[in-house]
Structures are given as C-alpha cells and as structure tokens.
1. Considering (1) surrounded by fewer than 17 Cβ atoms within 10 Å (Cβ to Cβ); (2) touching a strand residue (DSSP E or B) at 6+ places or on another chain (Cβ under 6 Å), say which one residue 192 fails and leave the rest.
2. Assuming residue 15 fulfils every condition listed in (1) within 27 Å of residue 210 (Cα to Cα); (2) surrounded by 18 or more Cβ atoms within 10 Å (Cβ to Cβ); (3) small (Gly, Ala, Ser) apart from one, which condition is it?
3. With 108, 203, 114 as the choices, which residue is farther than 22 Å from residue 53 by Cα, surrounded by 13 or more Cβ atoms within 10 Å (Cβ to Cβ), modelled with pLDDT of 95 or more and not polar (S, T, N, Q)?
4. Looking only at the stretch 174-186, how many residues end up being surrounded by 15 or more Cβ atoms within 10 Å (Cβ to Cβ) and farther than 17 Å from residue 94 by Cβ?
5. Residue 125 fails exactly one of the following numbered conditions: (1) surrounded by 14 or more Cβ atoms within 10 Å (Cβ to Cβ); (2) under 28 Å from residue 173 (Cβ atoms). What is the number of that condition?
6. If residue 103 meets every condition in (1) more than 22 Å from residue 183 (Cβ to Cβ); (2) touching a residue at least 40 places away in the same chain (Cβ under 8 Å); (3) of a type in the set (S, T, N, Q) apart from one, which number is that one?
7. Tell me yes or no: at least one residue of the stretch 172-187 is free of Cβ contacts under 8 Å to residues at least 40 places away in the same chain and under 16 Å from the mean Cα position of the chain (by Cα).
8. Being basic (Lys, Arg), assigned to a strand (DSSP E or B) and within 27 Å of residue 209 (Cβ to Cβ) is true for just one of 84, 111. Which residue is that?
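The values are calculated or read from the model by the stated rules, or taken from the named source; none is laboratory data. These numbers were taken from a predicted model, which means no experiment stands behind them. Here the Cβ is made from the backbone with ideal geometry for all residues, glycine too, and neighbour counts use every protein chain on show.
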Amino acid sequence: MAVRLFMRRWGEPGALPPVLLVHATGETSADWAQVVSGLARDRLVVAVDLRGHGASPRPGSYALSELADDVLPVAASLATEHGRPADVVAHSLGGLVACLLASRRPDLVRRLVLEDVPVPHPREPRPPTRPDGELAYDWDAVLQVRAQIDDPDPRWPSIVAAVTAPTLVVWGGPSSPMPAEHVRQMAETVADGRLLRIDAGHLVHAAQPGVFTAAVRGFLAEPD
C-alpha cells in the first residue's frame, strides 16, 4: 500500500513544467539544497522523502516497486495541478524509482535526468555497516534496497527500455563506483537517451552543483 510522502517545495508555478526531485538511499529531500535555488529560479520544484527516509513514514517494507507506488501520486498531483507532466531529476536509488514511474506512467514524466544511475546487474553482496547514532532513515530500508540491487529483477532492461521520456544520464566519471558500462547502457536502452560525463564521483550534484545545475537546466529547456 502506498504511503503519503513528505515533500519540500521551492519556487512558484510558472510557464515551465514543475520539477520533481528524488533522492538516493540514505538521503532526504534536503540533499538537493545546493542545486535547488538554481532549478527553482523560474519554476516550481518539489522534492520528496522516499518511504523510510526523513519525515516520510517507515512502514518496514521497501520494495522498489513500493517506492515507485508512493511517488506516483505526487507526480500525478503535479500533472493535474499544472496541466502538464513534471520533469523528474533523480539520483542513484531515486533514478531507479524514477525509471519505474516513467515506464509505468509515461504521461506523468515529460523529461528525465538520471544522476549516476546504471541499469542494475547482479553483483557480489557487500553488507554495509550501520553508521553510529540516530539515523535520518530506516536502516532496514538500506538493507532491503541493497539486496534488490545486488540481485536485481531480471526485467530491469525491459523496464528501462519502456522509458519514453527524453532522458539525460549523468555519469560521475572514473571516480564513481557505478560501472561505466552499466551507466552507458542506461543511456543507450531508454528510448531517447544521451550520456553526459561530469567528473565528480557519485555525488555529482553535491560535488559540482554549478555544472550539474547548468546541465539540467539546459536539458530541460530544450524544445520537445
């Protein structure tokens, strides 16, 4: 069952489509602070806390399909409120959630930006170590998500191929832990994709906020 997500909003509705931001594992909507002012100069920007993260509910179940189910009504509400689908910008785990959303409901996603998001392939599990102290997220969410990425659904290539929204795939370069060939595969498998390299590691939007924001704004401003 879908849960109601906590959201942050910046900017005001205008002539341009709204932007929906979806964060990575172990992050929250606040993770976008370094780029949101640039994105919200001339449009509404909404960022969610995924289930198990930040101020959103922690139901204990964290299937990727459930995370997408939660985001769908947010995207649908934005489309209804503004009379057009949103542009979605998503990082890492958020990118997989965004792919699920865009493949299921292409009418809700106008353009898609995937920050350091590879097509999932089986990999050797490396159990993470829980950080000390109180966390801003449910540790069970990390473990469950990690298991689904280590041993992914074999349907992922077909899910990605069903994404029809024009898609910008941003790769963080050689210092990113994401395999270059799998990030490239993402750009090549979506129906209308392109690959952009920004040498910043996995946290592109945090390490190179100006470059990232300029790339995103330029891509979103292109005519349909």
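1. For residue 192, the exception is condition (2).
2. Checking residue 15 against (1) within 27 Å of residue 210 (Cα to Cα); (2) surrounded by 18 or more Cβ atoms within 10 Å (Cβ to Cβ); (3) small (Gly, Ala, Ser), the one that fails is (2).
3. 108
4. Residues in the stretch 174-186 being surrounded by 15 or more Cβ atoms within 10 Å (Cβ to Cβ) and farther than 17 Å from residue 94 by Cβ: 3 in total.
5. (1) is the only condition that residue 125 fails.
6. Condition (1) is where residue 103 drops out.
7. The answer is yes; a qualifying residue exists.
8. Details: 84 fails: assigned to a strand (DSSP E or B).
Just a single option satisfies the conditions, and that option is 111.
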